[in-house]
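Note sheet for the following structure.
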Amino acid sequence: MHGRIFSGIQPTHGIHLGNYLGAIRNWVVLQDSGAYECIYCIVDQHALTTLHDPGAMRANTREVAAALLASGIDPERSILFVQSHVPAHTQLYWVLGCVTPLGWLNRMTQFKEKAGKDREGAPLGLYAYPVLQAADILAYRATHVPVGEDQKQHLELSRDIAGAFNRKFGVDYFPLPEPMILGEATRVMSLRDGTKKMSKSDPSDMSRINLTDDPDTIALKIRRAKSDSILGIWYDPENRPEASNLLTIYAALAERPRAEVEAELRETPFSAFKTRLAELVIEKIAPISARMRELLAEPAEIDRLLARGAERAAAIAIPILEEVYRIVGFLPPVSR
Ligand code: AMP
Ligand code: TRP
């Protein structure tokens, strides 16, 4: 074993092809490599910073769990669980909050983006978000954290917080977690506008492929995807963002280098390329969607797997939290 991996995904919405290629598929590859102990968490407490809809929170939590299981996360080999089921995260979060200077949090670009103009009206949770993220990782003393590009700054902060704790208490307790930014498809773009990220917040459902889409819907979305009138397909994100995005998706799903696929498609008309792409997306995604539907038809089974995952996660996190409490000098409760 090379170390322990921790990563998290928010249940703010269902899963689309961008999440699958940018995050989930990497989690499966890391699990299957057998080189790491893998801990994967559905971070509902992070989602609560922006999602205030209990029904959606419950449905999304199960949908994300189903997407992870259907994509190949094996709940025996990996630990898969829901953040709010393991209180050690928020307990450690408080301790870490007491060694994190406000100046560090003020630099976080995600807070600035999400708070927007109304800084005064933004909730404390949104500001403290990266401290909870550090607690997620450090509660397991994880060594490696697979994330998308957008999480680099939060990971840097997690390392700084780990270092601050160690220095303040004169210990060498927390390892500094390493970010792992993997894969070629780190930014899958919208099907309607190749300069915008594929995102659940886009009002048009035609802009994305959802993991729950059936084959007809997938075929339709790709047929309608924005294209250009240049003959042949090649990579040129500046001048041909849509062609470049679809080419990247094709290569990522085919698990082949982009340059190799590009050489093959240089003279293929856009419409013929779309037909091939639709076939490939359906071949790779339809079995996952079908499995997701089966899993979601039995929510009690998902809940049971998640409960088992939380037990295994807590068995690692509780002794680490106890050691942290000892290091900071909290008087242990004695049993009477
Ligand atoms: P989010 O949907 O923003 O909560 O992100 C969940 C995970 O999916 C994160 O690891 C993101 O980096 C990744 N992700 C989200 N959208 C995309 C996208 N369009 N392309 C690649 N990765 C993405
Ligand atoms: N902030 C991450 C995101 O939006 C999700 C996350 C929460 C996370 N805790 C984590 C990722 C710990 C890695 C490790 O994608």
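The values are calculated or read from the model by the stated rules, or taken from the named source; none is laboratory data. Worth saying up front: this structure is predicted, and the values here are computed from it rather than measured. Don't worry about glycine lacking a Cβ; one is built from the backbone with ideal geometry, like all the others, and counts go over all protein chains shown. Ligands, DNA and RNA are stripped out before the accessible areas are found, and what is left, the full protein with its side chains, is counted by its heavy atoms. Shrake-Rupley method; radii C 1.70, N 1.55, O 1.52, S 1.80 Å.
Between Leu102 and Ser33, the distance separating the two model label sites (each 7 Å from Cα on the Cα→Cβ line) works out to 4.1 nm. Computed from point charges on the beta carbon alone (+1 for Lys and Arg, -1 for Asp and Glu), the dipole magnitude for the chain about its Cα centre is near 600 Debye.
Size descriptors for the range 227-336 (Cα atoms only): Rg and Dmax, in that order, 25.2, 80 Å. Expressed as a whole percent, how much of the Cα-Cα distance distribution for the range 1-155 exceeds 27 Å? Beyond 27 Å sits 21 percent of the P(r) for the range 1-155. Remark: spin-label model distance Glu113-His2 equals 2.8 nm, labels positioned 7 Å along the Cα→Cβ axis. Here the Debye sum runs over all C-alpha atoms of the range 222-284 as equal scatterers in vacuum, and log10 of I(q)/I(0) at q = 0.24, 0.25 Å⁻¹ comes out as -1.02, -1.12. Applying both filters, DSSP loop and at most 16 other Cβ atoms within 10 Å, to the trypsin sites (Lys or Arg not before Pro) of the range 64-149 gives Arg77, Arg107, Lys117.
For Leu280 and Met206, what is the calculated FRET efficiency with R₀ set at 22 Å and r taken between the beta-carbons, to the nearest 0.05?
With R0 = 22 Å, the Cβ-Cβ based efficiency is 0.70.
Highest mean packing comes first when the peptides 293-301, 56-64, 225-233 are listed by Cβ atoms within 10 Å, giving 56-64, 225-233, 293-301.
Stretched out straight at 0.36 nm per residue, the stretch from Arg293 to Glu178 would grow longer than its current Cα-Cα span by 37.9 nm.
Ignoring ligands, DNA and RNA, what percent of the accessible area of the chain is carbon or sulfur (1.4 Å)? Reported share for carbon and sulfur atoms: 53 percent. If you take the Cα Rg of the range 68-188 and divide it by 2.2 N^0.38 Å, with N the number of residues, what do you get? Computed over Cα atoms of the range 68-188, the ratio equals 1.14. A convex hull fitted to the Cα coordinates of the chain yields 158 cubic angstrom per residue.
Residues in the range 42-73, backbone N under 20 Å from the label point at Asp303 (7 Å along the Cα-to-beta-carbon vector): list them, ranges by number please. 42-45, 53-70, by backbone N distance to the label point. With the convex hull drawn around the C-alpha atoms of the range 128-248, the volume per residue stands at 140 Å³. Counting charges near Thr109 (Lys, Arg +1; Asp, Glu -1) among other residues having Cβ under 14 Å from its Cβ returns a value of +1. What the chain shows is 48 Å² of accessible area per residue, with the surface traced by a 1.4 Å probe over protein heavy atoms. On full extension, the segment bounded by Arg187 and Thr217 gains 8.6 nm, given 0.36 nm per residue less the C-alpha separation. Relative to the longest principal axis of the Cα atoms of the chain, the long axis of helix 215-224 makes an angle of roughly 70 degrees. Ligands, DNA and RNA aside, Asp213 has an accessible area near 10 Å² when probed at 1.4 Å.
Dipole size of the range 39-90 about its Cα centre, with +1 on Lys/Arg Cβ and -1 on Asp/Glu Cβ: approximately 40 debye, rounded to the nearest 20.
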